[in-house]
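Visitor: Attaching a single structure in structure tokens format; questions to follow.
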Amino acid sequence: MKKSISIVGGGASALMLGCELDSEKYSVSIFEKNTALGRKFLIAGDGGLNLTHSEKADKFISRYTPREFLIPAFRFFSNEDLIAWFNDLGIDTFIGSSGRVFPIKGIKPIDVLTAIEQKIIKNKVAINFKHELIGFSDDNDVIFKTPSGNKNVVSDIVIFCLGGASWPVSGSKGDWLNFFTNKNISTKPFQASNCSFKVDWPKDIIKAIEGKPLKNVSISCGKKIYFGEIVITSFGLEGSGIYSLSPEIRNEIENFGSAKIVIDLKPKVSVDELVKRISNISKKISYTENIAKQLNLNKTQIILLKAKMSKNEFLDPIKFVNNLKNFEISISELGPIADAISTVGGIPLTEITEAFELKKLKNKFVVGEMLDYDAPTGGYLLQSCFTMGKFLANYLNKLD
């Protein structure tokens, strides 16, 4: 007689598990509280479905915080393996200018999801909608709320793919923490990641800088530095260039009450070269216009620099360049978790084995964003969820 596996949740990890678990060996069922699978997957696809990134493996795995827990799974199923997996599904991909990987033009997110669902159905996996997890029984069976009443589901193996707490419109609310806490499993409150960051801009410059990008800059926090683009908002800062610093910014806020980031507005030009350019003064235009022209600074950069420096500092070439290359900004708090791209918190990694099994609940596994780790934007979070799902499916398929 086949053993039974219940997959709780219908996100990326669950989709991969549904495709890859051996249905000749197991009777597999997915339980999803919405009326369709992959709702967050589709929302993430608005504006382009970023499936993964094309970076080499060593650099790719370094993007995660922490990274050690994911290394065995990623070695088994890397970004290159995921691209090949999608190609086998009939989803051809291309690499964008930023190195991100997308379905080719004409393939919509719903087409990708449909292809995955067809493979799940072909794999003879039962899909149960409107089944919302509401806890565990005394025997550690899962209990679902359904339209026809509460239901206990007895399974040999349960895999939880419940997601984090970002984008609650998708049904990912992170409201499952107490179910595990009640079973003596440690949990951590969810916090925003890849989110907006609050900056107390001078009120007199907000209208002039709001919505403006800072392109081709480097941003550092602590010992980490990234190159990219950030966008100024009335709330503070957001954008891919600063999202990658989420772990460092969050830790500094927790430890010191605020976080300091340093922006180099001209990371590709040396201090000496910048000072030399400033010295090339034209008397036909104002000093400010001169600096803007010689250093190729836009209006937004000039406004920010003027707001930070005294008049004497602004007129001193060395002090001006020092501020240009080391523009310090204080971040006071994280943006709202509901608006964040992803979250950290949930189940600590110390609560699971290398095979993602809960140490305190035998034959109960946890994968995906419900684990406490950071992944930047750019396809890394989705890759990690697919990777964990594939790795766990292979592990269970090989069990006696």
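The values are calculated or read from the model by the stated rules, or taken from the named source; none is laboratory data. Given the structure is predicted, the values throughout are model-derived calculations rather than measurements. Every residue, glycine as well, gets a Cβ built from its backbone with ideal geometry; the counts of neighbours run over all protein chains shown.
Visitor: Among the residues of the range 356-363, is there at least one that is in contact with a Ser or Thr (Cβ under 8 Å, 6 or more places away or on another chain) and closer than 23 Å to residue 167 by Cα?
Guide: Looking through the range 356-363, none of the residues is in contact with a Ser or Thr (Cβ under 8 Å, 6 or more places away or on another chain) and closer than 23 Å to residue 167 by Cα.
Visitor: Taking residue 230 as the residue in question, decide whether it is out of contact with any Phe, Trp or Tyr (no Cβ under 6 Å at 6 or more places or on another chain), modelled with pLDDT of 95 or more and β-branched (Val, Ile, Thr).
Guide: Considered against the rule, which asks whether it is out of contact with any Phe, Trp or Tyr (no Cβ under 6 Å at 6 or more places or on another chain), modelled with pLDDT of 95 or more and β-branched (Val, Ile, Thr), residue 230 comes out as yes.
Visitor: When you scan the range 239-261, do you find a residue that is more than 27 Å from residue 373 (Cα to Cα) and assigned by TED's automatic domain parsing to the domain that holds residue 215, even just one?
Guide: Taking every residue of the range 239-261 in turn, none turns out to be more than 27 Å from residue 373 (Cα to Cα) and assigned by TED's automatic domain parsing to the domain that holds residue 215.
Visitor: Then there's this: When the residues of the range 4-54 are narrowed to those that are charged (D, E, K, R) and surrounded by fewer than 18 Cβ atoms within 10 Å (Cβ to Cβ), which ends up modelled with the lowest pLDDT?
Guide: 46
Visitor: Among the residues of the range 234-281, what is the count of those that are in a helix (DSSP H, G or I), of a type in the set (Ser, Thr, Tyr) and surrounded by fewer than 22 Cβ atoms within 10 Å (Cβ to Cβ)?
Guide: Qualifying residue count for the region: 1.
Visitor: Please determine, by comparing only the residues of the range 214-227 that are in contact with a strand residue (DSSP E or B) (Cβ under 7 Å, 6 or more places away or on another chain) and without any contact (Cβ under 8 Å) to a residue 40 or more places away in the chain, which one is surrounded by the fewest Cβ atoms within 10 Å (Cβ to Cβ).
Guide: Restricting to residues being in contact with a strand residue (DSSP E or B) (Cβ under 7 Å, 6 or more places away or on another chain) and without any contact (Cβ under 8 Å) to a residue 40 or more places away in the chain, the top hit is 215.
Visitor: Check whether at least one residue in the range 72-82 is over 17 Å from residue 387 (Cβ atoms) and either touching a helix residue (DSSP H, G or I) at 6+ places or on another chain (Cβ under 8 Å) or without any contact (Cβ under 8 Å) to a residue 24 or more places away in the chain (or both), and report yes or no.
Guide: Taking every residue of the range 72-82 in turn, none turns out to be over 17 Å from residue 387 (Cβ atoms) and either touching a helix residue (DSSP H, G or I) at 6+ places or on another chain (Cβ under 8 Å) or without any contact (Cβ under 8 Å) to a residue 24 or more places away in the chain (or both).
Visitor: For residue 176, state whether it is within 17 Å of the chain's Cα centre (by Cα), under 30 Å from residue 379 (Cβ atoms) and hydrophobic (A, V, I, L, M, F, W, C).
Guide: Spelling it out, it is not the case that residue 176 is within 17 Å of the chain's Cα centre (by Cα), under 30 Å from residue 379 (Cβ atoms) and hydrophobic (A, V, I, L, M, F, W, C).
Visitor: Can you run down the residue pairs with Cβ atoms below 8 Å, 6 or more apart or on separate chains, where the first is in the range 359-378 and without any contact (Cβ under 8 Å) to a residue 12 or more places away in the chain and the partner is part of a loop (DSSP other than H, G, I, E, B) and buried (at least 22 other Cβ atoms within 10 Å of the Cβ)?
Guide: none
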